[in-house]
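Worksheet: the structure to be examined is printed underneath.
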Amino acid sequence: MCVEGVMKTYQIGGNGVDDFGHTYKVAPMTTEKFLNVIHCFVVDGAASYPVKPQTVLPDISAFNVSRLPPNSVCFILSIELGQKPAKG
């Protein structure tokens, strides 16, 4: 699915031996003749700067369960202001 006017970035990791991943940027480009023509730009990773897969879910390790709503399978998380997640 392609939404007009929105740039998308995909980070695909490699095996780290002979393929160091790739970053793809899919972006609409507008000129005097064309409006929102989709272009794809590729940046290859290198041994000194490998591309790793982009995470989809946030790191919630610094959060605490603040309460469990009654009769629910969900929980509410909280974090103290100024607290940063630990780097792993």
TODO: Within the stretch 1-57, work out how many residues are surrounded by 12 or more Cβ atoms within 10 Å (Cβ to Cβ) and on the phi > 0 side of the Ramachandran plot.
DONE: 3
TODO: Sort out which residues of the stretch 20-49 are at pLDDT 90 or above and part of a loop (DSSP other than H, G, I, E, B), and write them in order of number.
DONE: Phe20, Gly21, Glu32, Lys33, Gly45, Ala47, Ser48
Task: Pairs where the first residue, in the stretch 65-83, is without any contact (Cβ under 8 Å) to a residue 12 or more places away in the chain and of a type in the set (Val, Ile, Thr) and the second is loosely packed, with under 10 Cβ neighbours inside 10 Å and outside any strand (DSSP E or B), C-beta under 9 Å, 6+ apart - done: Ile76/Pro69
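The values are calculated or read from the model by the stated rules, or taken from the named source; none is laboratory data. Quick caveat, the model's predicted, so the values are computed rather than measured. Note that each Cβ is placed from the backbone with ideal geometry, even for glycine, and that neighbours are counted across all protein chains shown.
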